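The values are calculated or read from the model by the stated rules, or taken from the named source; none is laboratory data. Every value quoted in this text rests on a predicted model; they were computed, and no experiment measured them. Cβ placement follows ideal geometry from the backbone for every residue including glycine, while neighbour counts extend to all protein chains displayed. For the accessible areas, the whole protein counts, side chains as well, though only heavy atoms, and no ligand, DNA or RNA atoms are used. Shrake-Rupley method; radii C 1.70, N 1.55, O 1.52, S 1.80 Å.
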Amino acid sequence: MYCMNSVASISNTVAKHHLEVRGSNFLSGQIKISGAKNSALVLMAATLLTEEALFLKNIPSLTDINVMSELLSSIGVRIERKSNEISLTARDLLQSELPYKLVHALRASFVCAGPLLARIGEVSIPLPGGCRIGNRPIEEHIRGLEALGASVSIEKGVVKAKLPKNKKKLKGAHIKFNCQSVGATETILMAATLAEGRTVLENSAQEPEIQDLANMLNSMGAQIRGAGTKEIIIEGVEKLNGCNHTVIPDRIEAGTFLIAAAITRSSISLTPVIPEHLEAVFKKLRECGCLINTMGDSVKITPNEITAVDVTTSPYPGFPTDLQAPFMALMTTAKGTSKITETVFEKRMQHVSELNRMGSSIKLLGNTALITGVPQLTGTSLSAGDLRASAAMVLASLSAKGVSKIIGLDYLDRGYERMEDKLKKVGADISREKITISANKNSKEGFKPLTPQSIQQEVA
Ligand code: UD1
């Protein structure tokens, strides 16, 4: 009997981590910005376009990068990783089917569809489905692949695309996207590099990560111009080579740390950054009372009194949706009332209820939040529901009075490289603590699955 209970309790025990933040510290010093997650993921997928080795530097250490590595390995890409460098060789691709488990874990993996189709003539990839921030359709990717001559069908939730019989290549086309989609632009851009003839992409997304991709593809021998504008022109080439490429700095990570400085009313500097990529963020931070000084690839922020400003998210060069939640955390501490409107994703306001639990005053009207600043937030136990919401929880906790315990670090670790270490170096009182949770605490009730609520009860 003793033995059986022990086994049961061991098998139902899960080790998780939470972040413990003791707020109200000032920050000072310099933070090093990592390579951009959203660039690195798509640059890794571009290895599928060549049989030669691709060497990428400044790869951030993130769980999303691990999943992309696993996905590429599963179809035969040889990968070696040393610290922040990675080499990828897609000489012998074993299969054109991408496994559901990994595609499901990383929505961005759909960008593999374009290069795989272009290189080996077929691809089979499960529909990635929606996610916590809303329904995330891919019809623009599919329409683009069809326009390049692929026949595409969806069978039992799997997208199957192949070249028509007797064709060895995709065919260049004039494609006008119905919406500016980062993923669709990247997928079709990569596919078009090996197509026959010219492809023109109209209404393309203009994000810096797309420019980074085009720069690398051009180093591999592609002929692309116009990346970073709404019209991209690609002259298809016979084959691509390997190359060495350094991933651009992560503008979203940089924006998050700038907001960390503003919310704690602290002056810090960040390096490296590409200031031009952060213009929309600088503009809002200046408007709400921060001094922003750039020098080469560094930026220094010095906040004064923070006053309310309105923000509407939009595709680049607009204010990034990925910084909407962190900026809202800042506005909860501003003087006056601000209005933040989310226009890119349909369900990206889940941080509102958690911020209100810390004492903020936010009213939600659909995808618009009205935020009236309060003198002080209060630390509490918090649950992060998506990647950028989790960053917002950390920022709010840095400024709050008392201790906050944040669970849901799986999200945070997808997009921020050891965020707590970087914050600790500039003076934040933050640590990652291990919590061990028994799933069936009350044996009379039998097995109780872990939920964010049950973990939160344990942490609180
Ligand atoms: C990328 C970024 C993500 C960022 C987002 C918007 C990566 C890995 N992720 O995601 O961090 O938040 O851009 O800047 O780079 N849409 C359609 N039909 C489509 C495709 C998209 O309607 O076929 C819509 C989406 O629902 C969304 C909008 O377009 O409303 C933007 O989505 P998209 O740019 O495709 O986002 P991702 O590439 O998934």
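Some points to look at:
- Residues that are in contact with a Gly (Cβ under 8 Å, 6 or more places away or on another chain) and aliphatic (A, V, I, L, M) were ranked within the stretch 46-82; the one that is farthest from ALA205 (Cα to Cα) is ALA53.
- Count of residues meeting criterion [open to solvent by 20 Å² or more (accessible area, probe 1.4 Å) and more than 22 Å from GLY242 (Cα to Cα)] in the stretch 71-101: 4
- Summed over the stretch 199-213, the residues that are within 17 Å of ALA46 (Cα to Cα) and out of contact with any helix residue (DSSP H, G or I) (no Cβ under 7 Å at 6 or more places or on another chain) give a count of 1.
- Being more than 20 Å from VAL200 (Cβ to Cβ) and in contact (Cβ under 8 Å) with a residue 60 or more places away in the chain holds for only one residue in ALA161, ALA90, ALA113, and it is ALA113.
- Residues that are within 21 Å of ALA113 (Cβ to Cβ) and either part of a strand (DSSP E or B) or open to solvent by less than 30 Å² (accessible area, probe 1.4 Å) (or both) within the stretch 43-66 comprise LEU43, MET44, ALA45, ALA46, THR47, LEU48, LEU49, THR50, LEU54, LEU56, ASP64, ILE65, listed in sequence order.
- The stretch 175-223: number of residues that are within 18 Å of LEU145 (Cα to Cα) and away from the ligand (no atom under 16 Å from the Cβ): 9
- Residues in the stretch 373-386 that are within 16 Å of ASP322 (Cα to Cα) and without any contact (Cβ under 8 Å) to a residue 40 or more places away in the chain: ALA384 only.
- Filter result (within 12 Å of the ligand (Cβ to nearest atom) and either in contact with a Cys (Cβ under 6 Å, 6 or more places away or on another chain) or assigned to a strand (DSSP E or B) (or both)) within the stretch 108-148: CYS131, GLY134
- Pair list, Cβ under 6 Å, 6 or more apart: the stretch 399-422 residue of a type in the set (Val, Ile, Thr), other residue in a strand (DSSP E or B): VAL403/ARG22; ILE406/HIS18; ILE406/LEU19; ILE406/LEU382; ILE407/HIS18; ILE407/SER383
- Counting the residues of the stretch 1-42 that are open to solvent by less than 40 Å² (accessible area, probe 1.4 Å), under 26 Å from ARG414 (Cα atoms) and at pLDDT below 95 gives 2.
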